[in-house]
Every structure is written in C-alpha cells, then in structure tokens.
Amino acid sequence: MSLKRCSRVAMAGWLVGSLVFTLPEYSEARHMAVNPELETRVDTNHRLNTGSSTRTVERGSQSLEARIDAILHPAVEKAESSIPVHQTVSAYDDSIMGTALASQEQCVNYLLSVNPRPDISVSPQELVSYYYEEGAREGIRPDVAFAQALKETGFFRYGGTVTPDQNNYCGLGTTSSNVKGAYFSSAQLGVRAQIQHLLAYASTRQPSEQVVDPRYGLVRNTYGSRTLNSWTDLNGRWAVPGYTYGQSIMSMFREMLSR
C-alpha cells in the first residue's frame with residue numbers, strides 16, 4: 001500500500017470515528033430541542049432558605065422576571081392576629097376574656113342613644129372598631145371593654161379628672177382627683193392601653209403589641225402567676241372602693257345588647 005493510499009484510509013477512519021462519537025451528543029441535543037417539557041421543566045421548584053425554615057417555591061410557567069422577584073422578595077407568612085379564646089355564648093358570662101356578643105353597630109347605637117355628641121377625637125364607629133381590633137388581638141371581650149369605657153367616661157361626657165384630649169378611656173393612672181393620669185397620642189393607642197391593662201389582670205401572657213399601658217408592669221409584678229377571670233373580680237382593684245364596679249359594667253353591656 002502506497003503512502004498516499006495509507007493517508008486516505010487513515011483520514012477516512014478518523015472521519016468515521018468522529019461521526020460515531022458525536023452522534024449521541026447530536027441526538028441528545030435534538031431530543032431536548034423537540035421536547036419543550038424537558039427543556040423548560042428541568043427544575044420546577046426552587047428552595048429558599050428564609051433563616052429558620054426552608055420554603056419551596058413552585059416555578060410552573062412563571063416568567064423569568066417573576067422567578068427573580070420571588071427569590072429577591074420571598075413571601076412572608078402573616079401571623080394570626082387573634083388569640084384563641086373561649087367562645088362567649090351568654091350575656092351573663094362575666095369573663096374578661098372571650099369573644100364579642102354585641103355587634104359594633106349595637107355598641108355605637110347604645111352610645112348615641114345616651115349621648116348623641118360624644119367628646120372623642122374620632123367618630124364613634126371608628127372608636128368602636130378599635131375596641132374590636134385590639135380586643136380580638138389580645139382575646140379581651142371588646143364589647144364589654146367598650147361598656148367599661150362608657151362607665152369610666154360617663155358616655156364620653158367626662159366631667160371628672162380625665163379630659164377628652166388624653167384619649168384615656170378607662171382612667172388609667174388616675175389615682176386621685178389631683179392626678180389626671182395617662183395621656184395617649186391617638187384614640188387607638190388609648191384603646192390599646194385599656195385592652196392591655198385588662199390583659200394584665202386576666203392573663204400572664206405578654207401583649208401582642210408593644211406595651212403602651214403605663215401600669216401594665218405594676219399589675220403583672222403584683223399578681224405574678226395569679227390572674228383575675230371575671231369583671232366582678234375587678235371590684236376594689238380597678239376602681240376603689242368599687243364594690244359593684246364589675247356588675248355595673250355587665251349591666252351596661254346587657255343593655256347594649258338590646259339596641
């Protein structure tokens with residue numbers, strides 16, 4: 001065999017070998033090109049490390065921008081805003097903690113039936129909504145807490161030591177006729193302080209929101225692991241001497257239910 005012929009044979013063999021070795025790669029590439037499912041669903045899930053836990057995000061058919069946004073801004077699960085408490089079913093249940101029996105409309109109607117022009121910094125509807133929002137957050141009965149505010153403020157007529165500008169609806173810090181008590185910058189904070197003060201008596205659990213009740217620590221340090229269960233337990237404690245303090249609040253609450 002001549003040198004020229006040998007060179008041609010070697011060249012042919014090299015070409016055949018190259019074709020054989022490249023065919024699988026070409027075949028796989030072609031398979032990927034005609035199978036969009038394999039091409040677009042190589043990884044349909046993405047695992048995000050959010051610190052205390054790992055979360056799986058479904059990619060599905062999201063756009064690239066949506067995927068990037070999901071990675072950069074992972075969804076944050078919202079915590080429950082309300083505390084599990086027993087369901088209040090009777091108007092004669094005098095527990096401090098529980099759920100509302102009266103509607104917000106009944107609360108407003110009761111107030112306006114006695115005082116059509118309450119001296120408050122927000123509308124009656126808005127004020128009542130704060131009681132329901134803050135009460136649900138801490139497990140305190142909002143309708144009875146509102147009845148307590150009506151008693152403490154004389155249906156928001158005031159006339160005593162506390163003045164309307166204080167947004168203090170339950171006499172917090174008013175220890176004598178010469179001590180005006182706490183001031184709050186908004187109606188909602190005033191309601192929150194009242195709800196937190198009730199929680200201080202009724203539970204050892206810390207409030208869900210930052211403490212704004214200036215006397216919360218005093219109550220908790222005094223009672224330690226002990227708690228008060230009923231509105232009548234507040235007799236002589238929230239109000240002094242207050243022999244029928246809780247009973248009068250419950251009586252107003254039941255009157256509210258008839259509106």
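The values are calculated or read from the model by the stated rules, or taken from the named source; none is laboratory data. It should be emphasised that the depicted structure is a prediction, and the values quoted were computed from it without experimental measurement. Every residue, glycine as well, gets a Cβ built from its backbone with ideal geometry; the counts of neighbours run over all protein chains shown. The protein model used for the area step is the full one, side chains on, heavy atoms only, and it has no ligands, DNA or RNA in it. Shrake-Rupley method; radii C 1.70, N 1.55, O 1.52, S 1.80 Å.
What to note about this one:
- Segment 115-130 - residue that is in contact (Cβ under 8 Å) with a residue 24 or more places away in the chain and farther than 13 Å from Thr153 by Cβ and, of those, least open to solvent (accessible area, probe 1.4 Å): Val128
- Checking Glu138 against (1) in contact with a helix residue (DSSP H, G or I) (Cβ under 7 Å, 6 or more places away or on another chain); (2) among the acidic types (Asp, Glu); (3) open to solvent by 30 Å² or more (accessible area, probe 1.4 Å), the condition it does not meet: (3)
- Matching residues in segment 102-114 - criterion: being of a type in the set (A, V, I, L, M, F, W, C), open to solvent by 20 Å² or more (accessible area, probe 1.4 Å) and touching a residue at least 24 places away in the same chain (Cβ under 8 Å): Val114
- Among the residues of segment 90-101, the ones that are out of contact with any Leu (no Cβ under 7 Å at 6 or more places or on another chain), of a type outside the set (S, T, N, Q) and either modelled with pLDDT under 95 or surrounded by 10 or more Cβ atoms within 10 Å (Cβ to Cβ) (or both) come to 5 in all.
- Number of positions in segment 202-231 that are open to solvent by 20 Å² or more (accessible area, probe 1.4 Å), part of a helix (DSSP H, G or I) and not basic (Lys, Arg): 5
- Test: residue in segment 248-258 that is at pLDDT 95 or above, small (Gly, Ala, Ser) and over 26 Å from Leu112 (Cβ atoms): no
- The combined condition, being surrounded by 14 or more Cβ atoms within 10 Å (Cβ to Cβ), under 24 Å from the mean Cα position of the chain (by Cα), in contact (Cβ under 8 Å) with a residue 12 or more places away in the chain and closer than 24 Å to Arg117 by Cβ, is fulfilled by Gln188.
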